[in-house]
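As structure tokens, the structure follows; a few thoughts come after it.
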Amino acid sequence: MVFFGAGVFFGFPLQATQSWITQSVISTSSYAGQGVYLPDLFSWGPLNGYFIAILVTIAFALIVVVLAKKYENYRQKSGSYLGVDGEIARQNQLLHNSTQQFTFFSTHTYKRWIGNMWEMRTSALVIAIIFGVMMASTGSGWGASTPFGIWFGKLVMQLGISANDIANYTLRPEVMFTTGFFDHAISVQNFAIMLGTLIAVLLMGKFSFSFKINHSAKQFALFALGGLLMGFGTRFANGCNVGALFTPIANFSLSGWIYLIFLLLGGILGNKLQHAVIK
């Protein structure tokens, strides 16, 4: 997390000054120079383009699902499919739940809804509702990465660097680094996500902590490099997988789908690098 915050922090100046980051090569009238807003492309259609934009978004999502499923099937047939621990656990849990009779006041119901992982569709629905509430109450989308750069800046301030010097380096307003933690909305949001995660782990009885080191120095170096590059990358993309993927897609921006393509390509290259370095 520290290296991720460092990447965000050191990426602030580039994000503020480079036109290839701040301006879009292709854009539409609603956001000239900033991106493609799908309803603008179909403004001739029903609901000023929003109806067709919704259909296009659904179509893109279905394409992603179909391609992902086909690739998964291919890996399974070739014997190279490893799976994701969380998804495998959910699938096994779904099979177990389907054999249980529902009783509201029961240990099984508690374990299903509070003391265990939710099914993917339940999680997706809850996230969509929370996202909608945030949009309605704040007027802005979901974001998460910028506060990590702010927190790193606050850490640097503890080393004797003034807020003014940090503001001059990052080209960000000084108040961004002097505002109290609980006075910064997205910082509070990130804190709530971490707190909610801790509570969920405790309720599931999965919390554990150990000082035992299970990774090599080479692995720790890769973790640090990965965090630094991820943080730096959020400044290039004007957001992380939250602010540059989910939020743009939900707001009918084409940039979210472009981000998804390069996110997948980066993941593939990252896996190949890891296999090459750690054999």
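The values are calculated or read from the model by the stated rules, or taken from the named source; none is laboratory data. Source: prediction; values computed, not measured. No Cβ is skipped: glycine too gets one built from the backbone with ideal geometry, and neighbour counts run over all protein chains shown. Just so you know, the surface numbers come from the protein's heavy atoms only, side chains and all, with ligands and any DNA or RNA stripped out. Shrake-Rupley method; radii C 1.70, N 1.55, O 1.52, S 1.80 Å.
For the stretch 212-263, which positions are farther than 28 Å from SER29 by Cβ and among the basic types (Lys, Arg)?
LYS212, LYS218
Scanning for something surrounded by 16 or more Cβ atoms within 10 Å (Cβ to Cβ) and of a type in the set (Phe, Trp, Tyr), does the stretch 241-255 turn up at least one residue?
So far as the stretch 241-255 goes, yes, one or more of its residues are surrounded by 16 or more Cβ atoms within 10 Å (Cβ to Cβ) and of a type in the set (Phe, Trp, Tyr).
Search the stretch 54-89 for residues being of a type in the set (A, V, I, L, M) and in a loop (DSSP other than H, G, I, E, B), and hand back the single one that is least open to solvent (accessible area, probe 1.4 Å).
VAL84
Against the conditions (1) more than 23 Å from ILE129 (Cβ to Cβ); (2) open to solvent by less than 50 Å² (accessible area, probe 1.4 Å); (3) free of Cβ contacts under 8 Å to residues at least 60 places away in the same chain, where does ALA224 fall short? Just the number, please.
Of the numbered conditions (1) more than 23 Å from ILE129 (Cβ to Cβ); (2) open to solvent by less than 50 Å² (accessible area, probe 1.4 Å); (3) free of Cβ contacts under 8 Å to residues at least 60 places away in the same chain, the odd one out for ALA224 is (3).
Which fully enclosed helices (runs of 4 or more DSSP H) of the stretch 169-244 have 2 or more residues being farther than 23 Å from GLY270 by Cα?
Result: 175-178, 185-204.
What are the residues in the stretch 1-44 that are in a helix (DSSP H, G or I), farther than 23 Å from ALA167 by Cβ and open to solvent by 20 Å² or more (accessible area, probe 1.4 Å), if any?
Those that are in a helix (DSSP H, G or I), farther than 23 Å from ALA167 by Cβ and open to solvent by 20 Å² or more (accessible area, probe 1.4 Å): TRP20, SER29, SER30, TYR31, ASP40, LEU41.
For the stretch 136-154, which residues satisfy the criterion of being touching a residue at least 12 places away in the same chain (Cβ under 8 Å) and open to solvent by 60 Å² or more (accessible area, probe 1.4 Å)?
Answer for the stretch 136-154, where residues must be touching a residue at least 12 places away in the same chain (Cβ under 8 Å) and open to solvent by 60 Å² or more (accessible area, probe 1.4 Å): just THR138.
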